[in-house]
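Chemist: Got a structure here, written out as structure tokens. Questions coming.
The values are calculated or read from the model by the stated rules, or taken from the named source; none is laboratory data. What you see is a predicted model; the values in this text were computed from it and never measured. Neighbour counts are summed over all protein chains in view; Cβ atoms, including those assigned to glycine, are modelled from backbone coordinates with ideal geometry. We work out accessible area using only protein heavy atoms, side chains counted, and drop any ligands, DNA or RNA first. Shrake-Rupley method; radii C 1.70, N 1.55, O 1.52, S 1.80 Å.
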Amino acid sequence: MSAGDQKNGGDKPRDIVPVAEVWPEVERAECLARGAALKWASGVFCRPEHLERLSQYKKRESQRTASIHTRLKSMVQSYLEGVGWGLEQLQEARSELRDVSHALKKAGLESSQNAEGVKSLERLREVSVNHCQLLAAVSNLPRLYSVRSMVLETERLVESRRLLEAHARLMDLERWQDDILWQLHGAPGTTGSVLSIEDQELVAKYFSGVGQLVDALGKELWAVVSSALALARQNPTPFVSAVRIVEREEALDRALLEERGGSGSNSRPLPPGRPRCWRACFFQVLEEAVSARFRSVSYLHTRGPGLAGHLSALQHATMADLGTVRHLLEHCVPPRYRLTGAYLRASHRCLQAHLAQVSSWDLESGEIFAVLNWVLHIYNSPDMMGHPELVADIEKEALGPLISTEGLEQLQSKYVQSVRKSVSEWMHKALQVELQDWQRDQEPDTDHEGFYQTSLPTIITQMLEENARVALMIGESLRDQTIQMGLYEMENLLNRFREALVEFGKEHRRNLSSNKNKFYLHYLLASISNCIILKKSTESLQQQQSSRSAGQFSRTPPNPLAALDRAVRRACRLVMDQLLLDLQPFLPGLLTRPWLVQGDPTPKLCHVLERHLELYGRVRPPCRQRLQEEAQWLMVVEYVRALMQKRLVCRGAEERRQLAQQMVQDDQLFREILHGLEGDGSVPEVNPLALLPVLADFIRLKDPSMLTLEVSGLAAKYPDISEEHVSVLLDVRGDVSRDIRGAVLDLLEQSAPPLPAGYRPIFTDILVPPSTMAFCLPTAKCA
């Protein structure tokens, strides 16, 4: 039995319960410790020689165990001492609480005995309060009798605009009213009753004239403030009096708020109608006066051309009023008023509202320009808000823009749309005038250089450049938008212009017999010159656009240059069609036996060609060279096409020689007419005239066995030549055997080089007429 068991009564021994049953964690901790010890021992004594240090390890572990036991005992001892000290403190607190409870019971008994003595003083307090109220009533009787007369006298002062005297009397009346209300309510330090509603209504009724005086005085004050600009130039005394009254009221409001702003039971309430905040009303009335001044500016003739005059009147009226405020009224108010800045703010807000209203109207382009120019340039210029005397005040006020960025963008968009409508109408009219000019029975006009032209490019160019110049007066952004719009309209005009050219050509072909359009070709050439002028104007407009405007527009960018190129191509095609039409009567006689003997159609062809080339000289470069090249190309193509029709098949060597010689002579005639092309440096990469001597040499060749080599050279120079073309050339010679023909065609089929880059085909445009043979033997080649 343990010592504890003996202390608790050794006569009743308890059953000894194993520690493991009371605390299962102890058994688990012991098992873990044994396992850790075994693991450690197996690692340390893994070899027999390690057992020599067993005594050392045993001694060290014994010392460590003893140290742990010592620390545990020390810690338990300190915990026990702390618990003992805490119990002592609890006992002391218990005794103190018992003493306090006895003292509170004693104080409660004494308080209940004193309350019975206080009840006897209630009657004395009521008598004292009644006495104070009667004393106040007796002392206020003289004032109460004089209230009516004071009110009437103050009314007369207000009506005669003796504002300072009227305000002094009014302040006396308000002070009397406040004192009476406070005396009825009860003096500080007393427990007087709260003023009843009947008493409040009685005092308010008796002093009802005071409130009416306040309203009348305020009305006169604000009338003076509203007419401050007019009074400043005549007699500023009423305005100065009004400012002094406003300052008195502000000082009184501030003093009353500081004195009576508390929330205690003894705090004196604010008088009726306080605080008045007349300084804030002063600035509000000033802003309303500014608004009235803006409304007084005449709105007659505001729409249309009168809008610019209206904005100019606003400018002069605003600057005149600002000058009056700065040089006269500013000296009539305290510096803290910053009256010039307040007037600037009011004017700026009124202008913002007015311009917002103007912007909402359905304005024309000239009106929008006037608004934008006034807002962006005039308003901030030295003639208005940028005046040196106003810059400092404007910087302090931070007024902001007259029209927001979104509003400006909308105005600019409306301006561009309005201009676009006008430009579209003018372009349509100019195109109609152009179409009427095409029907004239005279040549087109010429410029100082002798080139054909009409009024169309001059009208379009001047209109677009003028619109860009005017838009630049507002800003680069509007200039870029206007140019972009102009390029869109230019593209639309050119598309309609090209359609008109097509219709012009169809009408000419329908009226060939009547010879109605004698100057059809001349006006086609004038149209080409017009396109060149428009191209230069378009490039000039595109160069004026700022680089940051690229990609700024959501729509597909305009491409008037592509439309110009399409129109020029169509006009050149019509010119070439007319050349072919004029050559057509003489082409059937080309490369025939009469031609071989007499050479008859060639001079006539040269005459037609020469007349056309002379007219092409009235076209501006580079289209002049282009027309000359196309005429040269067409002439050679038609010449070779006549050869491909096999109108002349040689019967012998002599005829082949004559044919080749006549072709060379024709080539010389063509070169004499077209010699100017080489001087202009406009010889094409593949000169079509060089083809005629080559074909002449092919026909002149005496030895047919050399044709294979000749054809290979021909195919090298002109890779678009086909077997059909070569077959026709062999037929024209009239001396080629079937074997040589087969060898030549096989060689051509095997070589067939690809077309080089930049090569313009010539034989592709020449179709070989179908064979007139009645039937064809089913050879492998045909199959």
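Chemist: Cβ-Cβ distance below 6 Å, separation of 6 or more or different chains: which pairs start in region 372-385 with a residue that is more than 13 Å from Gly475 (Cα to Cα) and end on one that is crowded, with 21+ Cβ neighbours inside 10 Å and of a type in the set (S, T, N, Q)?
Modeler: none
Chemist: What number goes with the only condition from (1) among the small types (Gly, Ala, Ser); (2) out of contact with any helix residue (DSSP H, G or I) (no Cβ under 9 Å at 6 or more places or on another chain); (3) in contact (Cβ under 8 Å) with a residue 12 or more places away in the chain that Ser418 does not pass?
Modeler: Tallying (1) among the small types (Gly, Ala, Ser); (2) out of contact with any helix residue (DSSP H, G or I) (no Cβ under 9 Å at 6 or more places or on another chain); (3) in contact (Cβ under 8 Å) with a residue 12 or more places away in the chain, Ser418 fails exactly one: (2).
Chemist: Same structure, new question: Could you check, for region 349-356, whether at least one of its residues is at positive phi and either in the same structural domain as Ala242 (by the TED database) or touching a residue at least 40 places away in the same chain (Cβ under 8 Å) (or both)?
Modeler: no
Chemist: Kindly indicate the residue of region 465-518 that is hydroxyl-bearing (Ser, Thr, Tyr) and more than 19 Å from Glu409 (Cβ to Cβ) and also most open to solvent (accessible area, probe 1.4 Å) among those meeting that condition. Give the steps one after another, and end with the answer.
Modeler: Keep residues of region 465-518 that are hydroxyl-bearing (Ser, Thr, Tyr), which gives 477, 482, 488, 513-514.
Okay, now just the ones that are also more than 19 Å from Glu409 (Cβ to Cβ), so 513-514.
Numbers: Ser513: 117, Ser514: 74 Å².
Ranking the candidates gives Ser513 first.
Chemist: Counting only residues that are in contact (Cβ under 8 Å) with a residue 40 or more places away in the chain and closer than 24 Å to Asn530 by Cα, give me the helices (runs of 4 or more DSSP H) lying completely in region 592-648 with at least 3 of them. Let's see the steps before the verdict.
Modeler: Values: elements: 593-598, 601-616, 623-644.
The qualifying helices (runs of 4 or more DSSP H) are 601-616, 623-644.
Chemist: Can you tell me which residue is nearest to Asp172 (Cα to Cα) among those in region 100-128 that are at pLDDT 75 or above and of a type in the set (A, V, I, L, M)?
Modeler: Val127
Chemist: Could you list, in sequence order, the residues of region 715-727 that are under 17 Å from Pro693 (Cα atoms) and in a helix (DSSP H, G or I)?
Modeler: Ala715, Ala716, Lys717, His725, Val726
Chemist: Filter region 723-741 for residues that are basic (Lys, Arg) and without any contact (Cβ under 8 Å) to a residue 40 or more places away in the chain; which is farthest from Phe698 (Cα to Cα)?
Modeler: Arg738
Chemist: Please give the number of the condition Asp321 fails out of (1) at pLDDT 85 or above; (2) of a type in the set (Asp, Glu); (3) closer than 28 Å to Val285 by Cα; (4) open to solvent by 50 Å² or more (accessible area, probe 1.4 Å).
Modeler: (4)
Chemist: Same structure again: Hey, does region 576-583 have a residue that's surrounded by 13 or more Cβ atoms within 10 Å (Cβ to Cβ) and touching a Cys at 6+ places or on another chain (Cβ under 9 Å)?
Modeler: Checking region 576-583: not a single residue is surrounded by 13 or more Cβ atoms within 10 Å (Cβ to Cβ) and touching a Cys at 6+ places or on another chain (Cβ under 9 Å).
Chemist: Right, next: Which of the following residues is over 27 Å from Thr446 (Cβ atoms) and touching a helix residue (DSSP H, G or I) at 6+ places or on another chain (Cβ under 6 Å): Ser546, Ser527?
Modeler: Matching residue, one of Ser546, Ser527: Ser546.
Chemist: Looking at region 348-395 only, could you name the residues that are part of a loop (DSSP other than H, G, I, E, B), at pLDDT below 85 and open to solvent by less than 20 Å² (accessible area, probe 1.4 Å)?
Modeler: Correct list: Met385 only.
Chemist: Can I ask one more? Consider Val416 carefully, then state whether it is part of a helix (DSSP H, G or I) and either touching a His at 6+ places or on another chain (Cβ under 8 Å) or under 30 Å from Pro335 (Cβ atoms) (or both). Explain how you work it out, then say what you get.
Modeler: Numbers: part of a helix (DSSP H, G or I): yes; either touching a His at 6+ places or on another chain (Cβ under 8 Å) or under 30 Å from Pro335 (Cβ atoms) (or both): no.
No: the conditions fail for Val416.
Chemist: Still on this structure, please answer the following. Looking at region 753-770 only, could you name the residues that are surrounded by 11 or more Cβ atoms within 10 Å (Cβ to Cβ) and within 60 Å of the chain's Cα centre (by Cα)?
Modeler: The answer is Leu755, Tyr759, Arg760, Pro761, Ile762, Phe763, Thr764, Asp765, Ile766, Leu767.
Chemist: Based on this model, can you work out whether Ala660 counts as in the same structural domain as Tyr639 (by the TED database), at pLDDT 90 or above and at negative phi?
Modeler: yes
Chemist: Every residue in region 224-242 that is in a helix (DSSP H, G or I) and either without any contact (Cβ under 8 Å) to a residue 12 or more places away in the chain or under 15 Å from Leu339 (Cα atoms) (or both), please. Write out each step before concluding.
Modeler: First, the residues of region 224-242 that are in a helix (DSSP H, G or I): 224-226, 228-234, 237-242.
Listed by number, the residues that qualify are Val225, Ser226, Ala228, Leu229, Ala230, Leu231, Ala232, Gln234, Thr237, Phe239, Val240, Ala242.
Chemist: I've got another one for you. Checking the conditions here, which among Ser540, Ser527 is within 58 Å of the chain's Cα centre (by Cα), closer than 23 Å to Trp438 by Cα, in the same structural domain as Glu434 (by the TED database) and among the small types (Gly, Ala, Ser)?
Modeler: It is Ser527.
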